[in-house]
Amino acid sequence: MQTLMNKRVLLGVTGGIAAYKSAELIRRLQDQGAQVRVVMTRASTEFITPLTLQALSQHPVHTELLDAETESAMGHIELARWADLVLVAPATTNFIAQIAGGHGSDLLTTLCLAAECPLAIAPAMNQAMWGNASTQQNCNLLTQRGIRLFGPAEGLQACGEEGSGRLLDVDAIVTQTRELFDTGILAGKHVVITAGPTREAIDPVRFISNHSSGKQGYALATAALEAGAKVTLITGPTSIAPPERANTIGVTSASEMFDAVQRSLEEADIFIGVAAVADYRPVNVSEQKIKKSAAPSNSSVTLELVENPDIIQSVANQDHRPFTIGFAAETDNVIEHAKNKLVSKNLDMIVANDVSETEFGFNSDQNHTTVLWPNRSEELPAMSKAAISSRIIELVAETIGENNG
Ligand code: CTP
(Lines give C-alpha, C1' and ligand atoms only; values in the text may rest on other atoms or scores of the structure.)
Protein backbone atom coordinates (compact mmCIF):
# COMPACT_ATOMS: atom_id res chain seq x y z
CA MET A 1 0.00 0.00 0.00
CA GLN A 2 1.32 3.46 -0.93
CA THR A 3 1.01 5.59 2.18
CA LEU A 4 2.23 8.89 0.74
CA MET A 5 0.09 8.83 -2.40
CA ASN A 6 0.41 12.16 -4.29
CA LYS A 7 2.07 13.91 -1.35
CA ARG A 8 4.51 16.56 -2.51
CA VAL A 9 7.71 16.39 -0.52
CA LEU A 10 10.31 19.09 -0.95
CA LEU A 11 13.51 17.40 0.17
CA GLY A 12 16.21 19.73 1.47
CA VAL A 13 19.73 18.28 1.56
CA THR A 14 22.43 19.98 3.61
CA GLY A 15 26.18 19.43 3.69
CA GLY A 16 27.08 16.43 5.82
CA ILE A 17 28.42 12.97 5.02
CA ALA A 18 24.89 11.52 5.43
CA ALA A 19 23.88 13.53 2.32
CA TYR A 20 24.57 10.40 0.25
CA LYS A 21 21.56 8.75 1.96
CA SER A 22 19.23 11.32 0.39
CA ALA A 23 19.42 9.32 -2.85
CA GLU A 24 17.90 6.28 -1.13
CA LEU A 25 15.39 8.51 0.70
CA ILE A 26 14.06 9.90 -2.60
CA ARG A 27 13.47 6.36 -3.86
CA ARG A 28 11.74 5.19 -0.68
CA LEU A 29 9.47 8.27 -0.61
CA GLN A 30 8.58 7.66 -4.27
CA ASP A 31 7.86 3.98 -3.49
CA GLN A 32 5.15 5.28 -1.16
CA GLY A 33 3.63 7.40 -3.94
CA ALA A 34 5.20 10.76 -3.00
CA GLN A 35 6.32 13.32 -5.58
CA VAL A 36 9.77 14.58 -4.61
CA ARG A 37 11.58 17.79 -5.58
CA VAL A 38 15.05 18.50 -4.28
CA VAL A 39 16.80 21.60 -2.97
CA MET A 40 20.49 21.27 -2.06
CA THR A 41 22.74 23.62 -0.15
CA ARG A 42 26.02 24.41 -1.88
CA ALA A 43 27.95 22.41 0.76
CA SER A 44 25.84 19.30 0.18
CA THR A 45 26.93 19.21 -3.48
CA GLU A 46 30.43 18.34 -2.21
CA PHE A 47 29.01 15.07 -0.86
CA ILE A 48 26.55 14.03 -3.59
CA THR A 49 25.99 15.52 -7.03
CA PRO A 50 22.85 17.41 -8.04
CA LEU A 51 22.83 15.23 -11.17
CA THR A 52 22.29 12.08 -9.10
CA LEU A 53 19.38 13.60 -7.21
CA GLN A 54 17.99 15.11 -10.39
CA ALA A 55 17.99 11.70 -12.08
CA LEU A 56 16.26 10.10 -9.11
CA SER A 57 13.68 12.84 -8.52
CA GLN A 58 13.19 13.34 -12.29
CA HIS A 59 13.16 17.10 -11.79
CA PRO A 60 15.80 19.83 -11.84
CA VAL A 61 17.58 20.15 -8.52
CA HIS A 62 17.53 23.67 -7.08
CA THR A 63 20.64 25.03 -5.41
CA GLU A 64 20.76 28.80 -5.86
CA LEU A 65 18.41 31.44 -4.51
CA LEU A 66 18.95 33.73 -7.47
CA ASP A 67 19.23 31.41 -10.42
CA ALA A 68 17.39 32.87 -13.40
CA GLU A 69 17.07 29.53 -15.17
CA THR A 70 15.55 27.48 -12.34
CA GLU A 71 13.56 30.47 -11.06
CA SER A 72 11.86 30.71 -14.42
CA ALA A 73 10.98 26.99 -14.26
CA MET A 74 9.68 27.17 -10.68
CA GLY A 75 10.55 30.12 -8.46
CA HIS A 76 11.40 29.66 -4.81
CA ILE A 77 8.05 30.97 -3.53
CA GLU A 78 6.24 28.72 -5.98
CA LEU A 79 8.37 25.80 -4.81
CA ALA A 80 7.46 26.53 -1.18
CA ARG A 81 3.78 26.65 -2.14
CA TRP A 82 4.06 23.45 -4.17
CA ALA A 83 5.12 21.40 -1.14
CA ASP A 84 2.84 19.54 1.26
CA LEU A 85 5.91 19.00 3.44
CA VAL A 86 9.44 20.38 3.53
CA LEU A 87 11.70 17.61 4.79
CA VAL A 88 15.34 18.47 5.44
CA ALA A 89 17.44 15.31 5.62
CA PRO A 90 20.21 15.37 6.57
CA ALA A 91 20.12 18.64 8.52
CA THR A 92 23.46 19.94 9.78
CA THR A 93 23.91 21.87 13.02
CA ASN A 94 24.59 24.98 10.94
CA PHE A 95 21.29 24.62 9.07
CA ILE A 96 19.43 24.10 12.37
CA ALA A 97 21.04 27.25 13.79
CA GLN A 98 20.06 29.25 10.70
CA ILE A 99 16.44 28.14 10.91
CA ALA A 100 16.32 28.76 14.67
CA GLY A 101 17.64 32.26 14.03
CA GLY A 102 15.13 32.91 11.24
CA HIS A 103 17.84 33.46 8.60
CA GLY A 104 17.15 33.20 4.91
CA SER A 105 20.75 33.08 3.77
CA ASP A 106 20.38 30.60 0.89
CA LEU A 107 17.63 28.94 -1.14
CA LEU A 108 16.84 26.19 1.39
CA THR A 109 16.60 28.43 4.46
CA THR A 110 14.57 30.97 2.48
CA LEU A 111 12.18 28.22 1.40
CA CYS A 112 11.82 27.06 4.99
CA LEU A 113 10.81 30.60 5.95
CA ALA A 114 8.40 30.94 3.02
CA ALA A 115 6.73 27.53 3.34
CA GLU A 116 3.32 27.42 4.99
CA CYS A 117 3.23 23.63 5.01
CA PRO A 118 4.73 21.48 7.82
CA LEU A 119 8.53 21.39 8.15
CA ALA A 120 10.39 18.30 9.35
CA ILE A 121 14.10 18.08 10.03
CA ALA A 122 16.26 14.97 10.35
CA PRO A 123 19.48 16.07 12.08
CA ALA A 124 22.78 14.32 11.30
CA MET A 125 26.03 15.34 12.95
CA ASN A 126 28.85 14.30 15.22
CA GLN A 127 27.68 13.27 18.70
CA ALA A 128 29.50 16.13 20.42
CA MET A 129 27.93 18.66 18.08
CA TRP A 130 24.52 17.13 18.72
CA GLY A 131 25.09 17.27 22.50
CA ASN A 132 26.30 20.86 22.31
CA ALA A 133 24.12 23.21 24.35
CA SER A 134 23.42 25.60 21.47
CA THR A 135 22.34 22.78 19.13
CA GLN A 136 20.04 21.43 21.85
CA GLN A 137 18.65 24.88 22.54
CA ASN A 138 18.05 25.50 18.84
CA CYS A 139 16.28 22.15 18.48
CA ASN A 140 14.04 22.92 21.48
CA LEU A 141 13.16 26.22 19.87
CA LEU A 142 12.26 24.50 16.60
CA THR A 143 10.10 21.92 18.37
CA GLN A 144 8.28 24.72 20.23
CA ARG A 145 7.53 26.33 16.86
CA GLY A 146 5.89 23.12 15.65
CA ILE A 147 8.80 21.96 13.49
CA ARG A 148 9.13 18.18 13.67
CA LEU A 149 12.46 16.53 14.46
CA PHE A 150 13.00 13.06 13.03
CA GLY A 151 15.76 11.48 15.09
CA PRO A 152 18.67 11.59 15.32
CA ALA A 153 19.58 7.93 15.89
CA GLU A 154 22.37 6.50 18.01
CA GLY A 155 25.28 4.37 16.85
CA LEU A 156 28.63 4.38 15.11
CA GLN A 157 29.33 7.64 13.32
CA ALA A 158 31.23 8.38 10.11
CA CYS A 159 33.97 10.01 12.21
CA GLY A 160 34.48 6.74 14.12
CA GLU A 161 32.84 7.97 17.32
CA GLU A 162 29.80 6.39 18.89
CA GLY A 163 26.70 8.21 20.19
CA SER A 164 23.59 10.17 19.28
CA GLY A 165 23.61 12.24 16.09
CA ARG A 166 23.35 9.71 13.24
CA LEU A 167 20.78 10.31 10.54
CA LEU A 168 17.68 8.28 11.31
CA ASP A 169 17.32 5.17 9.10
CA VAL A 170 15.76 6.00 5.74
CA ASP A 171 12.80 3.65 6.42
CA ALA A 172 12.19 5.33 9.79
CA ILE A 173 12.22 8.76 8.12
CA VAL A 174 9.61 7.53 5.63
CA THR A 175 7.47 6.09 8.46
CA GLN A 176 7.64 9.33 10.45
CA THR A 177 6.79 11.30 7.31
CA ARG A 178 3.65 9.22 6.88
CA GLU A 179 2.77 9.57 10.58
CA LEU A 180 3.09 13.32 10.28
CA PHE A 181 0.21 13.33 7.81
CA ASP A 182 -1.93 11.01 9.97
CA THR A 183 -3.88 13.29 12.29
CA GLY A 184 -6.65 11.00 13.58
CA ILE A 185 -9.07 13.98 13.87
CA LEU A 186 -11.89 12.01 12.23
CA ALA A 187 -11.17 8.69 13.96
CA GLY A 188 -14.32 6.57 14.23
CA LYS A 189 -16.20 8.60 11.58
CA HIS A 190 -17.54 7.25 8.29
CA VAL A 191 -17.09 9.68 5.40
CA VAL A 192 -18.88 9.20 2.08
CA ILE A 193 -17.39 11.17 -0.83
CA THR A 194 -18.59 11.53 -4.43
CA ALA A 195 -15.92 12.38 -6.99
CA GLY A 196 -15.22 12.75 -10.70
CA PRO A 197 -17.64 13.39 -13.55
CA THR A 198 -20.73 11.44 -14.48
CA ARG A 199 -21.44 10.22 -17.99
CA GLU A 200 -24.94 10.37 -19.42
CA ALA A 201 -25.38 7.99 -22.32
CA ILE A 202 -26.80 9.18 -25.63
CA ASP A 203 -26.30 5.86 -27.39
CA PRO A 204 -23.85 2.93 -26.88
CA VAL A 205 -20.86 5.01 -28.08
CA ARG A 206 -21.67 8.59 -27.04
CA PHE A 207 -22.25 10.40 -23.80
CA ILE A 208 -22.55 13.84 -22.18
CA SER A 209 -19.92 14.58 -19.54
CA ASN A 210 -17.61 17.30 -18.20
CA HIS A 211 -13.92 18.01 -17.50
CA SER A 212 -13.81 16.84 -13.85
CA SER A 213 -10.60 14.86 -13.25
CA GLY A 214 -11.53 13.43 -9.84
CA LYS A 215 -8.28 14.79 -8.34
CA GLN A 216 -9.94 16.98 -5.69
CA GLY A 217 -12.36 14.25 -4.58
CA TYR A 218 -9.61 11.62 -4.40
CA ALA A 219 -7.36 14.03 -2.47
CA LEU A 220 -10.19 14.58 0.02
CA ALA A 221 -10.64 10.83 0.37
CA THR A 222 -6.90 10.56 1.15
CA ALA A 223 -7.09 13.40 3.68
CA ALA A 224 -10.12 11.80 5.37
CA LEU A 225 -8.24 8.49 5.58
CA GLU A 226 -5.25 10.28 7.10
CA ALA A 227 -7.64 11.79 9.62
CA GLY A 228 -8.52 8.24 10.69
CA ALA A 229 -11.96 8.04 9.02
CA LYS A 230 -13.48 5.08 7.23
CA VAL A 231 -13.99 6.31 3.65
CA THR A 232 -16.46 5.27 0.96
CA LEU A 233 -15.52 6.88 -2.33
CA ILE A 234 -18.26 6.84 -4.98
CA THR A 235 -16.62 7.86 -8.21
CA GLY A 236 -17.49 8.51 -11.80
CA PRO A 237 -15.01 7.45 -14.53
CA THR A 238 -11.51 8.95 -14.04
CA SER A 239 -8.00 8.14 -15.21
CA ILE A 240 -6.38 8.31 -11.76
CA ALA A 241 -6.00 5.64 -9.08
CA PRO A 242 -8.21 5.96 -6.00
CA PRO A 243 -6.57 5.78 -2.56
CA GLU A 244 -6.12 2.13 -1.69
CA ARG A 245 -7.55 2.28 1.81
CA ALA A 246 -10.88 3.72 0.61
CA ASN A 247 -13.87 1.53 -0.17
CA THR A 248 -14.23 2.64 -3.80
CA ILE A 249 -17.48 2.19 -5.72
CA GLY A 250 -17.23 2.99 -9.44
CA VAL A 251 -20.35 4.36 -11.17
CA THR A 252 -21.02 5.91 -14.56
CA SER A 253 -24.22 7.96 -14.59
CA ALA A 254 -25.76 10.40 -12.11
CA SER A 255 -28.61 7.95 -11.44
CA GLU A 256 -26.10 5.20 -10.58
CA MET A 257 -24.23 7.65 -8.33
CA PHE A 258 -27.52 8.58 -6.65
CA ASP A 259 -28.33 4.91 -5.94
CA ALA A 260 -24.80 4.14 -4.67
CA VAL A 261 -24.95 7.16 -2.33
CA GLN A 262 -28.34 6.11 -0.92
CA ARG A 263 -26.98 2.63 -0.21
CA SER A 264 -23.89 4.03 1.57
CA LEU A 265 -25.65 6.57 3.74
CA GLU A 266 -26.87 4.42 6.60
CA GLU A 267 -23.70 4.67 8.67
CA ALA A 268 -22.39 7.93 7.21
CA ASP A 269 -21.40 10.69 9.62
CA ILE A 270 -20.09 13.03 6.93
CA PHE A 271 -21.02 13.40 3.25
CA ILE A 272 -18.80 15.37 0.87
CA GLY A 273 -20.16 15.93 -2.65
CA VAL A 274 -17.20 16.72 -4.88
CA ALA A 275 -18.55 15.01 -8.01
CA ALA A 276 -19.35 17.16 -11.01
CA VAL A 277 -22.73 15.53 -11.51
CA ALA A 278 -24.32 16.08 -14.91
CA ASP A 279 -27.46 18.11 -14.30
CA TYR A 280 -29.32 16.55 -17.23
CA ARG A 281 -29.44 13.27 -19.12
CA PRO A 282 -30.95 12.37 -22.50
CA VAL A 283 -34.61 11.39 -22.23
CA ASN A 284 -34.13 8.55 -24.68
CA VAL A 285 -30.97 6.45 -24.79
CA SER A 286 -30.76 4.79 -28.17
CA GLU A 287 -29.89 1.09 -28.01
CA GLN A 288 -28.15 1.34 -31.37
CA LYS A 289 -25.56 3.84 -32.48
CA ILE A 290 -27.42 6.83 -33.87
CA LYS A 291 -26.59 7.20 -37.56
CA LYS A 292 -25.80 10.54 -39.11
CA SER A 293 -28.07 9.63 -41.98
CA ALA A 294 -30.99 9.61 -39.50
CA ALA A 295 -30.60 13.38 -38.95
CA PRO A 296 -33.11 15.65 -40.63
CA SER A 297 -32.06 17.26 -43.89
CA ASN A 298 -31.09 20.62 -42.31
CA SER A 299 -28.16 18.80 -40.58
CA SER A 300 -29.10 19.75 -37.04
CA VAL A 301 -30.27 17.38 -34.32
CA THR A 302 -32.12 18.09 -31.10
CA LEU A 303 -31.36 16.15 -27.95
CA GLU A 304 -34.12 16.20 -25.36
CA LEU A 305 -32.79 16.20 -21.80
CA VAL A 306 -34.37 15.53 -18.45
CA GLU A 307 -33.09 16.69 -15.07
CA ASN A 308 -31.00 14.32 -12.95
CA PRO A 309 -31.68 13.92 -9.23
CA ASP A 310 -29.72 16.34 -7.04
CA ILE A 311 -27.67 13.90 -5.01
CA ILE A 312 -26.34 16.21 -2.30
CA GLN A 313 -29.69 17.88 -1.80
CA SER A 314 -31.37 14.53 -1.25
CA VAL A 315 -28.66 13.66 1.32
CA ALA A 316 -28.98 16.98 3.14
CA ASN A 317 -32.76 16.68 3.37
CA GLN A 318 -32.88 13.23 4.97
CA ASP A 319 -34.15 12.95 8.56
CA HIS A 320 -30.89 11.61 9.98
CA ARG A 321 -28.63 13.54 7.69
CA PRO A 322 -24.84 13.35 7.83
CA PHE A 323 -22.82 16.58 8.16
CA THR A 324 -22.97 17.64 4.50
CA ILE A 325 -20.35 19.53 2.50
CA GLY A 326 -20.74 20.61 -1.12
CA PHE A 327 -18.39 21.95 -3.77
CA ALA A 328 -19.24 24.75 -6.14
CA ALA A 329 -17.09 25.11 -9.24
CA GLU A 330 -18.01 28.47 -10.71
CA THR A 331 -16.77 30.76 -13.48
CA ASP A 332 -18.38 34.02 -12.30
CA ASN A 333 -19.87 35.54 -9.12
CA VAL A 334 -18.17 32.63 -7.38
CA ILE A 335 -19.00 33.47 -3.75
CA GLU A 336 -22.56 34.57 -4.47
CA HIS A 337 -23.37 31.39 -6.41
CA ALA A 338 -21.74 29.22 -3.75
CA LYS A 339 -23.71 30.95 -0.97
CA ASN A 340 -26.95 30.36 -2.87
CA LYS A 341 -26.11 26.67 -3.24
CA LEU A 342 -25.25 26.41 0.47
CA VAL A 343 -28.72 27.68 1.35
CA SER A 344 -30.81 26.09 -1.40
CA LYS A 345 -29.23 22.66 -0.95
CA ASN A 346 -29.39 22.89 2.87
CA LEU A 347 -25.64 22.26 3.30
CA ASP A 348 -23.46 22.68 6.42
CA MET A 349 -20.44 23.88 4.42
CA ILE A 350 -19.57 24.57 0.80
CA VAL A 351 -16.19 24.93 -0.89
CA ALA A 352 -16.22 27.47 -3.71
CA ASN A 353 -13.62 27.45 -6.44
CA ASP A 354 -13.14 29.63 -9.46
CA VAL A 355 -12.63 27.40 -12.48
CA SER A 356 -12.31 30.33 -14.87
CA GLU A 357 -8.64 30.68 -13.82
CA THR A 358 -6.91 28.15 -16.06
CA GLU A 359 -4.11 27.35 -13.59
CA PHE A 360 -6.70 26.18 -11.04
CA GLY A 361 -9.70 23.92 -10.97
CA PHE A 362 -10.77 20.87 -12.90
CA ASN A 363 -7.61 19.36 -14.37
CA SER A 364 -5.07 21.31 -12.40
CA ASP A 365 -3.12 20.04 -9.38
CA GLN A 366 -3.69 23.36 -7.61
CA ASN A 367 -6.85 24.95 -6.38
CA HIS A 368 -7.83 28.36 -5.03
CA THR A 369 -10.87 28.07 -2.82
CA THR A 370 -13.09 29.77 -0.27
CA VAL A 371 -14.91 27.75 2.36
CA LEU A 372 -18.36 29.04 3.34
CA TRP A 373 -20.57 28.24 6.32
CA PRO A 374 -24.09 29.65 6.82
CA ASN A 375 -22.64 32.49 8.92
CA ARG A 376 -18.98 32.94 7.91
CA SER A 377 -16.32 32.22 5.29
CA GLU A 378 -12.58 31.55 5.04
CA GLU A 379 -10.46 32.07 1.92
CA LEU A 380 -7.73 29.48 1.52
CA PRO A 381 -4.54 30.50 -0.33
CA ALA A 382 -3.76 28.77 -3.62
CA MET A 383 -2.42 25.35 -2.63
CA SER A 384 -2.12 21.82 -3.93
CA LYS A 385 -5.34 19.83 -3.93
CA ALA A 386 -3.78 17.59 -1.23
CA ALA A 387 -3.05 20.57 1.07
CA ILE A 388 -6.51 22.06 0.48
CA SER A 389 -8.05 18.71 1.32
CA SER A 390 -6.17 18.45 4.62
CA ARG A 391 -7.33 21.96 5.54
CA ILE A 392 -10.94 21.22 4.58
CA ILE A 393 -10.90 18.04 6.67
CA GLU A 394 -9.52 20.07 9.61
CA LEU A 395 -12.31 22.62 9.16
CA VAL A 396 -14.93 19.85 8.96
CA ALA A 397 -13.60 18.29 12.19
CA GLU A 398 -13.56 21.71 13.92
CA THR A 399 -17.12 22.56 12.81
CA ILE A 400 -18.48 19.18 13.93
CA GLY A 401 -16.68 19.73 17.26
CA GLU A 402 -18.25 23.22 17.63
CA ASN A 403 -21.73 21.90 16.74
CA ASN A 404 -21.42 19.18 19.37
CA GLY A 405 -19.78 21.40 21.94
N1 CTP B 1 -24.57 18.02 -6.98
C2 CTP B 1 -25.20 16.81 -6.76
N3 CTP B 1 -26.11 16.34 -7.65
C4 CTP B 1 -26.40 17.04 -8.75
C5 CTP B 1 -25.77 18.26 -9.01
C6 CTP B 1 -24.84 18.74 -8.11
O7 CTP B 1 -24.92 16.17 -5.74
N8 CTP B 1 -27.31 16.54 -9.60
C9 CTP B 1 -23.64 18.54 -5.99
C10 CTP B 1 -22.19 18.59 -6.43
O11 CTP B 1 -21.51 17.38 -6.11
C12 CTP B 1 -21.65 19.76 -5.61
C13 CTP B 1 -22.85 20.69 -5.50
O14 CTP B 1 -23.99 19.89 -5.74
O15 CTP B 1 -21.32 19.38 -4.30
C16 CTP B 1 -22.82 21.85 -6.45
O17 CTP B 1 -22.71 21.34 -7.76
P18 CTP B 1 -22.86 22.29 -9.01
O19 CTP B 1 -22.77 21.47 -10.27
O20 CTP B 1 -21.95 23.44 -8.84
O21 CTP B 1 -24.33 22.80 -8.76
P22 CTP B 1 -25.64 22.75 -9.57
O23 CTP B 1 -26.75 22.61 -8.58
O24 CTP B 1 -25.57 21.73 -10.65
O25 CTP B 1 -25.72 24.21 -10.15
P26 CTP B 1 -25.23 24.84 -11.56
O27 CTP B 1 -24.90 23.71 -12.48
O28 CTP B 1 -26.41 25.60 -12.00
O29 CTP B 1 -24.07 25.72 -11.22
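Structure summary
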read-out: Percent accessible area from carbon and sulfur atoms, the chain, protein chains only, probe 1.4 Å; value: 48 percent
read-out: Peptides ranked, highest mean first, by Cβ atoms within 10 Å: ranges 383-394, 177-188; value: 383-394, 177-188
read-out: Under 13 Å, Cβ to Cβ, from N247 - net charge with Lys/Arg +1 and Asp/Glu -1; value: +1
read-out: Per residue accessible area in Å² of region 8-181, where ligands, DNA and RNA are left out and the probe is 1.4 Å; value: 44 Å²
read-out: Options L53, T110, P123, ranked by Cα towards positive dipole end of region 22-161, top entry (Cβ charges); value: P123
read-out: Assigned charges on the beta-carbon of Lys, Arg, Asp, Glu; the chain dipole about Cα centre (debye); value: 500 debye
read-out: Extension gain, R263 back to E179 (0.36 nm per residue minus Cα-Cα distance, nm); value: 27.0 nm
read-out: Ranked by how many other beta carbons lie within 10 Å on average, peptides 280-292, 75-87 from highest; value: 75-87, 280-292
read-out: Potential extension, N403-T252 segment - 0.36 nm per residue separation minus Cα distance; value: 50.8 nm
read-out: Within-13-Å neighbourhood charge of E154 [Cβ basis; K, R +1; D, E -1]; value: -2
read-out: Within-10-Å neighbourhood charge of K230 [Cβ basis; K, R +1; D, E -1]; value: 0
read-out: For Q35, residues with placed amide H under 5 Å, excluding near neighbours; value: N6, K7, R8, V9
read-out: Rounded FRET efficiency, nearest 0.05, which uses the C-beta distance separating T331 from V306 and R0 of 22 Å; value: 0.35
read-out: Protection-proxy order for peptides 309-315, 121-127, 18-24, each taking the mean of Cβ atoms within 10 Å per residue, highest first; value: 121-127, 18-24, 309-315
read-out: Rel. contact order, % - alpha carbon contacts under 8 angstrom, at least six apart, region 8-181; value: 22 percent
read-out: Proximal lysines to K385, defined as alpha-carbon separation beneath 27 angstrom and excluding residues fewer than eight positions away on the same chain; value: K7, K189, K215, K230, K339, K341, K345
read-out: Cut-off 20 Å (backbone N to label point 7 Å along Cα→Cβ of S293), residues of region 189-230; value: 203-206
read-out: Listed residue (H320, L305, H337) projecting farthest to the positive dipole end of region 284-346, Cβ model; value: L305
read-out: FRET E, pair H320, D203, Förster distance 35 Å, beta-carbon r, rounded to 0.05; value: 0.30
read-out: Cα long-axis angle, helix 170-181 against the chain (0 to 90 degrees, to the nearest 10); value: 50 degrees
read-out: Charge dipole magnitude, Cβ of K and R +1, D and E -1 - region 99-218, Cα centre, debye nearest 20; value: 480 debye
read-out: Of all DSSP beta bridges in the chain, antiparallel share, percent nearest 5; value: 30 percent
read-out: Degrees, to the nearest 10: 254-264 long Cα axis against longest axis of the chain; value: 60 degrees
read-out: A91 long-range amide H proximity, modeled H, under 5 Å; value: A122, A124
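The values are calculated or read from the model by the stated rules, or taken from the named source; none is laboratory data. Keep in mind the model is a prediction, meaning the values are calculated, not measured. Cβ atoms come from the backbone with ideal geometry, glycine included; neighbour counts cover every protein chain shown. Heavy atoms of the whole protein, side chains included, go into the accessibility calculation; ligands, DNA and RNA do not. Shrake-Rupley method; radii C 1.70, N 1.55, O 1.52, S 1.80 Å.
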